[in-house]
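Each remark here refers to the structure printed beneath this line.
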Amino acid sequence: MLKNQNLMREQRDYFLEEIGILAPRLIVPMGKRATDALTTWLAGSEMMRPIPHYSPRIRSQENLEKFRVALRAVGMEYQGTAVRAGGG
């Protein structure tokens, strides 16, 4: 997470306010840092579906395929065509 904890608190408050307004069905954090922050901010939430981050630094066919599979699964779930299995 960010080292500036005051900034993190400000961002958290703003984010949670936005979540309350938008009432999303799913929240999809991309990458470990986003997932760590949102896991803390949304403790116990059933709406989070983390996916791996795909960036130019880790460009490989294997990582690209992992990203595509994860993104496709989230898209299918959002459209109501997939059932979340195993709680994770």
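The values are calculated or read from the model by the stated rules, or taken from the named source; none is laboratory data. The model shown is predicted, which means the values in this text are computed figures rather than measured ones. Neighbour counts run over all protein chains shown; Cβ positions are idealised from the backbone, glycine included.
For segment 33-42, check the following and say yes or no: at least one residue is outside any helix (DSSP H, G or I) and modelled with pLDDT under 85.
no
Can you work out which of the residues in segment 2-29 that are assigned to a loop (DSSP other than H, G, I, E, B), free of Cβ contacts under 8 Å to residues at least 40 places away in the same chain and surrounded by 10 or more Cβ atoms within 10 Å (Cβ to Cβ) is farthest from the chain's Cα centre (by Cα)?
Applying the filter and picking the extreme gives Asn4.
For segment 30-58, give me the residue count where each residue is within 17 Å of Arg68 (Cα to Cα), under 11 Å from the mean Cα position of the chain (by Cα) and of a type in the set (Gly, Ala, Ser).
Of the residues in segment 30-58, 1 are within 17 Å of Arg68 (Cα to Cα), under 11 Å from the mean Cα position of the chain (by Cα) and of a type in the set (Gly, Ala, Ser).
Kindly establish whether Val83 is more than 17 Å from Pro24 (Cβ to Cβ) and at pLDDT below 85.
Yes.
Which condition from (1) surrounded by fewer than 12 Cβ atoms within 10 Å (Cβ to Cβ); (2) part of a loop (DSSP other than H, G, I, E, B) is the one that His53 breaks?
His53 satisfies every listed condition except (1).
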